[in-house]
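*Asks:* Here it is, the structure, as structure tokens.
The values are calculated or read from the model by the stated rules, or taken from the named source; none is laboratory data. Because the structure is a prediction, the values reported are computed rather than measured. Cβ coordinates were reconstructed from backbone atoms using ideal geometry, including for glycine residues, and neighbour counts include every protein chain displayed.
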Amino acid sequence: MQTGDRGFPSASHVRLRWELGIVLALSFGASGVYAIVQIIERVTRDTALSDQAATINRTLAERPLFDLIYQLLGFAFGLAPVALVCFLLWRSSRPHLGALGWGRIPGASRFWWGRETGGGLLLALIIGAPGILFYLFAKEIGINTTVVPAAIDAYWWTVPVLILQALRAAVGEEVIVVAYLFDRLRKLGFRPWAVVGLSAILRGSYHLYQGFGGFIGNVVMGVLFGWCYHRFGRVLPLVVAHWILDIVSFVGYAFAVAWWPELFGPPAPE
């Protein structure tokens with residue numbers, strides 16, 4: 001690690017640490033703190049964790065027009081931390097977001113995005129079914145809530161909005177929790193597997209509101225995604241995989257409840 005003349009961290013490292021702290025405080029670091037408080041509050045209730053529900057997307061207003069406006073505002077402002085990270089790591093030369101593993105690598109085919117999208121599809125297939133099985137197992141043994149991915153009234157705009165919210169989550173998490181964190185922690189002198197581990201723990205932390213199963217499952221997913229990013233240095237496959245998984249979860253939830261209400265339906269009110 002680079003240090004000053006008297007063994008203290010260099011000015012550039014101090015600045016990076018402050019920048020990292022600010023970015024995380026404006027995004028998933030804050031979410032992690034809130035989720036830790038939420039899980040403490042949940043486990044200290046009289047109701048068992050497995051009999052509680054954690055809702056991800058919910059109705060934000062009684063009138064459909066204002067519900068739509070709030071949903072779109074949430075999508076737009078939810079991407080502000082991503083815009084900040086892109087601003088901080090923007091390069092004057094192409095690829096402008098190369099530090100985030102985004103853009104065409106010099107000498108690569110102009111259809112680079114097709115190959116990376118295919119990699120994302122493969123990742124989604126690898127994670128999808130085991131993730132559902134682990135969620136059901138975690139709920140069965142009582143370490144997870146019943147996760148309700150979508151509790152929005154059915155309007156013409158419901159599915160497009162859920163797809164947008166899935167995109168916001170995918171872009172935000174993979175760009176900040178993986179690509180940005182990798183760049184900054186490497187420059188601070190962290191070893192690759194330490195970066196993978198810290199990224200995975202951060203990912204798990206802000207899913208604690210779902211229960212301990214949500215934490216464990218997302219840490220495992222974070223290790224896999226972190227390894228892929230360390231190995232290939234590309235963020236688009238991670239975004240694609242995450243987006244697909246969330247689309248299936250958000251949009252497919254109503255079908256899952258209709259077909260298997262005892263497995264995916266919300267707990268009955270007491």
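*Asks:* Quick check on region 163-181. Is at least one of its residues in contact with a strand residue (DSSP E or B) (Cβ under 6 Å, 6 or more places away or on another chain), farther than 19 Å from GLY32 by Cβ and either hydrophobic (A, V, I, L, M, F, W, C) or crowded, with 21+ Cβ neighbours inside 10 Å (or both)?
*Replies:* Checked against the condition, which is being in contact with a strand residue (DSSP E or B) (Cβ under 6 Å, 6 or more places away or on another chain), farther than 19 Å from GLY32 by Cβ and either hydrophobic (A, V, I, L, M, F, W, C) or crowded, with 21+ Cβ neighbours inside 10 Å (or both), region 163-181 yields at least one hit.
*Asks:* Of the conditions (1) part of a helix (DSSP H, G or I); (2) at pLDDT 95 or above, VAL148 clears all except one; give me its number.
*Replies:* Only one criterion in (1) part of a helix (DSSP H, G or I); (2) at pLDDT 95 or above is unmet by VAL148, namely (1).
*Asks:* Pick from region 215-270 the residues that are hydrophobic (A, V, I, L, M, F, W, C), outside any helix (DSSP H, G or I) and over 17 Å from the mean Cα position of the chain (by Cα): which of them is surrounded by the fewest Cβ atoms within 10 Å (Cβ to Cβ)?
*Replies:* Here is the first cut: in region 215-270, the residues hydrophobic (A, V, I, L, M, F, W, C) are 215-216, 219-221, 223-225, 227-228, 232, 235-236, 238-241, 243-245, 247-248, 250-251, 254-260, 263-264, 268.
Keeping just the survivors that are outside any helix (DSSP H, G or I) gives 235, 260, 268.
Subsequent filtering for residues that are over 17 Å from the mean Cα position of the chain (by Cα) retains 260, 268.
Numbers: TRP260: 11, ALA268: 6.
By that ranking, first place goes to ALA268.
*Asks:* Could I ask something else about it? Can you tell me which of GLU41, GLU140 is over 25 Å from ARG184 (Cα atoms), surrounded by fewer than 13 Cβ atoms within 10 Å (Cβ to Cβ) and touching a residue at least 12 places away in the same chain (Cβ under 8 Å)?
*Replies:* GLU140
*Asks:* From the list LEU125, LEU84, LEU65, LEU133, which one is part of a helix (DSSP H, G or I), in contact (Cβ under 8 Å) with a residue 40 or more places away in the chain and not β-branched (Val, Ile, Thr)?
*Replies:* LEU84
*Asks:* How many of the residues making up region 189-243 are farther than 26 Å from LYS139 by Cα, touching a Lys or Arg at 6+ places or on another chain (Cβ under 9 Å) and among the β-branched types (Val, Ile, Thr)?
*Replies:* 1
*Asks:* Here's something else I'd like to know. For region 69-91, which residues satisfy the criterion of being loosely packed, with under 13 Cβ neighbours inside 10 Å and either β-branched (Val, Ile, Thr) or at pLDDT below 95 (or both)?
*Replies:* Residue satisfying the conditions is ARG91 alone.
*Asks:* Continuing with this model, one more query. Consider only pairs whose beta carbons are under 7 Å apart and that are at least six residues apart or on different chains; among these, list those whose first residue lies in region 99-114 and is at pLDDT 85 or above and aromatic (Phe, Trp, Tyr) and whose second residue is loosely packed, with under 14 Cβ neighbours inside 10 Å and not in a loop (DSSP other than H, G, I, E, B).
*Replies:* none
*Asks:* Can you go through THR145, THR158 and tell me which one is within 22 Å of HIS207 (Cα to Cα) and surrounded by 20 or more Cβ atoms within 10 Å (Cβ to Cβ)?
*Replies:* Only one candidate qualifies: THR145.
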